[in-house]
Amino acid sequence: MDISLKVLFIYPDFLDSTKNLKNIPGNYSEGLASLSAVLKEGGHSVSLYHLTHMPEKDEFIDAVKSYSPDIIGISIRTSAMAYSMQMVEWLDEEMPDLFVMAGMYHPSLAPDEVIALQGIDAVCIGEGEYPCLDFVDYFALHGKLNLKADSFWVKDLDGTVHKNPVRPYITDLDKLPFPDLDIFDYCNLRSNIQQNTAEVIVSRGCVYSCTYCANAQLRNIYPDKAHYTRFRSPENAILLLERVLEKDPKVECFSFNDAILNVYEDWFYEFTALYKERIKKKYVCNLRVELINEKMVAELAESGCYLVTIGLENGNEEFRSKYLNRTMKNDHVVKVSHMLKKAGIIVNAYNIIGLPHETLPLSLETVKLNARMHTDNVIISFFAPYPTTRLREIAEEAGFIDPRVDPDDPVQLRMPGYSRSDMYYIRYSFLKLMRQYRSLYKTYSGQKLEQEIDKLDGKILGKRHPRRLIGAFRRRKHKLEVFVKRAVSRYLPSIYKTLRKKRDDRAAVSGETKKTP
């Protein structure tokens with residue numbers, strides 16, 4: 001008996017700011033690629049409807065029908081929840097007999113919210129490769145949903161929701177087939193086209209419990225939390241990279257999207273030794289700053305790492321420890337950043353504005369820490385209160401979450417001590433302010449430095465400083481710059497790559513090695 005089914009994954013891969021831009025390149029999804037590989041290994045046919053803009057209803061329905069699917073899986077992330085809901089509503093209106101399952105971070109963290117949607121028949125919680133295979137196999141054999149499927153919440157015909165326990169996660173990632181790159185237009189993904197870079201993941205999970213991050217809550221889904229952070233073996237990870245190079249020979253760089261590449265020191269050094277021998281490409285990665293020392297910096301540079309991204313989030317040690325569960329010391333952060341830059345490695349830093357109980361002076365400390373580090377690029381985001389995270393609970397307990405706030409509003413919290421206009425000011429003045437403080441750190445020292453910093457602090461925080469006006473102007477300017485950048489990357493990719501390379505080359509050779517202030 002042939003139990004092969006046509007499975008269609010729907011991937012809403014756009015932001016609110018890009019929802020109306022057609023024909024832009026999409027992004028890679030490791031989760032969908034891995035699910036597809038397991039389903040295909042199980043004998044099923046898998047297709048991907050990769051949406052890089054929000055379609056009209058007729059366009060969407062016609063596209064779905066063209067795949068003739070037997071069952072649909074929709075990937076839902078928190079920031080695209082509203083658009084995913086609209087698509088599910090259209091499916092329910094036009095194709096009500098088609099079974100729809102949902103997965104990804106948001107369904108795993110807020111299954112009650114997702115299963116309640118009209119048109120959603122099942123929600124996959126946690127890692128879904130083999131639970132999904134069993135779920136699809138059952139549907140193929142019996143023509144109905146398995147109400148007792150592991151790792152699934154399933155809605156019965158009468159609306160009853162069957163909440164089943166989560167299956168243990170896969171402990172040995174080497175036993176998974178390599179991700180299915182063929183479901184994507186792989187060589188034409190955004191990073192491949194614009195940067196000749198392939199995005200890869202060689203691990204799962206994170207050992208840390210940062211209060212703003214979903215990783216800890218995803219770990220808490222499982223009874224066994226101790227071994228949740230897993231890596232492919234170094235040899236298997238290298239085989240994966242070699243396979244990617246076979247798929248796209250133009251790849252010049254790998255971007256490791258793992259939460260923290262250096263979390264296990266022994267694994268890291270064994271992997272980089274093989275990488276130097278067999279891959280010999282540049283790479284970028286996320287690192288935990290507390291785990292970086294001189295030996296690791298040297299190995300990063302020698303193995304081809306040209307850019308690292310580290311999470312700062314906020315520049316005040318006490319605030320960071322109390323509310324974010326991040327205990328690193330600022331002096332160590334600065335020291336590590338300078339070591340990396342001296343080795344010719346570009347330093348990027350993640351920063352968050354508008355955290356619960358944050359104030360404008362605290363955000364200014366974040367600016368100043370980046371200035372001390374001589375950060376090359378800063379990634380600045382407004383705080384997103386992700387479901388079930390501890391920091392969202394803190395915000396709720398303080399009364400900072402107003403249900404009347406538009407979900408698309410970038411500033412989600414309403415805090416008496418930190419106005420929305422001040423958040424816009426610091427967000428869109430971040431780079432300019434960072435350069436001003438950096439100039440002070442380069443020029444002065446000792447008591448004179450403290451005096452100059454106090455003077456600049458006073459100007460920025462003063463009542464006469466037109467922060468609202470400046471923030472509004474710079475926000476509009478930023479939007480224009482982003483529009484131009486996207487247009488160049490979209491229509492003139494060769495020019496975009498050239499400009500980006502020149503920027504990175506300048507950062508890599510800057511080697512700002514002045515003494516840590």
For this session: Report in % the part of the accessible area of the chain that belongs to carbon and sulfur, leaving out ligands and nucleic acids; probe 1.4 Å.
Result: 51 percent
Problem set entry | Rg and Dmax [Cα atoms of the stretch 182-283; Å; Rg one decimal, Dmax integer] | 15.2, 43
Problem set entry | Rounded accessible area of Phe473 (nearest 10 Å², 1.4 Å probe) | 130 Å²
For this session: Ignoring everything but the protein chains, give the 1.4 Å probe accessible area of Lys455 in square angstrom, nearest 10.
Result: 130 Å²
Exercise. With each run of n ≥ 4 DSSP H residues scored as -39500 (n - 2.57), what mean residue ellipticity at 222 nm is computed for the chain after dividing by its residue count and rounding to the nearest 500 deg cm²/dmol?
Worked result: -14500 deg cm²/dmol
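So how do Leu274, Leu240 rank on accessible area, 1.4 Å probe, biggest first, that is with the largest at the start?
Details: Leu274 35, Leu240 5 Å².
Greatest to least solvent exposure: Leu274, Leu240.
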Exercise. What's the local net charge at Cys124, with K and R +1, D and E -1, over the other residues with C-beta under 12 Å away?
Worked result: -4
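Find out how many positive minus negative residues lie around Asn314, taking Lys and Arg as positive, Asp and Glu as negative, among other residues whose Cβ is under 13 Å from that of Asn314. Could the numbers behind the result be given before it?
Details: positive: Arg320, Lys322, Arg326, Lys368; negative: Glu313, Glu317, Glu318, Glu358, Glu365.
Overall, the nearby charge balance is -1.
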Exercise. Relative to the longest principal Cα axis of the chain, at what angle does helix 294-303 sit, 0 to 90 degrees, rounded to 10?
Worked result: 60 degrees
Seminar exercise, completed: With the charge dipole of the chain built from beta-carbon charges (+1 for Lys and Arg, -1 for Asp and Glu) about the Cα centre, the Cα from Gln195, Pro403, His465 projecting farthest to the positive end belongs to His465
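Output the relative contact order of the chain, whole-number percent, from Cα pairs under 8 angstrom with separation of 6+ residues. Working shown, then result.
Values: 843 pairs, mean separation 55.2, N = 517.
After rounding, I find 11 percent.
Which percent of the Cα-Cα distances in the chain go past 42 Å? It would help to have the intermediate numbers written out before the result.
Working: 27063 of 133386 pairs.
Percentage above 42 Å: 20.
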Exercise. Which net charge results for the neighbourhood of Ser79, defined as the other residues with beta-carbon distances under 15 angstrom from its beta-carbon, given Lys and Arg at +1 and Asp and Glu at -1?
Worked result: -3
Seminar exercise, completed: Order by accessible surface, 1.4 Å probe, largest leading, for residues Glu127, Glu358, Glu56, Glu93 comes to Glu56, Glu93, Glu127, Glu358
Problem set entry | Partnerless Cys - the chain, beta-carbon criterion under 4.7 Å | Cys124, Cys132, Cys187, Cys206, Cys253, Cys285, Cys305
For this session: Filter the trypsin sites (Lys or Arg not before Pro) in the stretch 96-187 to those in DSSP coil with at most 16 other Cβ atoms within 10 Å of their Cβ, and list the result.
Result: Lys144, Lys148
Problem set entry | Ranking by accessible area, most exposed first, for Val484, Val334 with a 1.4 Å probe | Val484, Val334
For this session: Taking the dipole about the Cα centre of the chain, with the C-beta of Lys and Arg at +1 and of Asp and Glu at -1, give me whichever of Ser17, Pro165, His357 is farthest to the positive side.
Result: His357
Seminar exercise, completed: Partner lysines whose C-alpha sits under 24 Å from that of Lys250, ignoring same-chain residues fewer than 8 away, are Lys276, Lys280, Lys281, Lys282, Lys485, Lys497, Lys501, Lys502
For this session: Would you please give the FRET efficiency between Glu277 and Lys455, computed as 1/(1 + (r/R0)^6) with r the Cβ-Cβ distance and R0 = 35 Å, to the nearest 0.05?
Result: 0.05
For this session: Heads up, I need the accessible area for Tyr130: 1.4 angstrom probe, whole protein in place, Å², nearest 10.
Result: 70 Å²
Problem set entry | Accessible area per residue in Å² at 1.4 Å probe, computed on the chain | 46 Å²
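The values are calculated or read from the model by the stated rules, or taken from the named source; none is laboratory data. No experiment lies behind these values; they were computed from the predicted model shown. Neighbour counts are summed over all protein chains in view; Cβ atoms, including those assigned to glycine, are modelled from backbone coordinates with ideal geometry. The accessibility values were calculated without ligands, DNA or RNA, using every heavy atom of the protein model including side chains. Shrake-Rupley method; radii C 1.70, N 1.55, O 1.52, S 1.80 Å.
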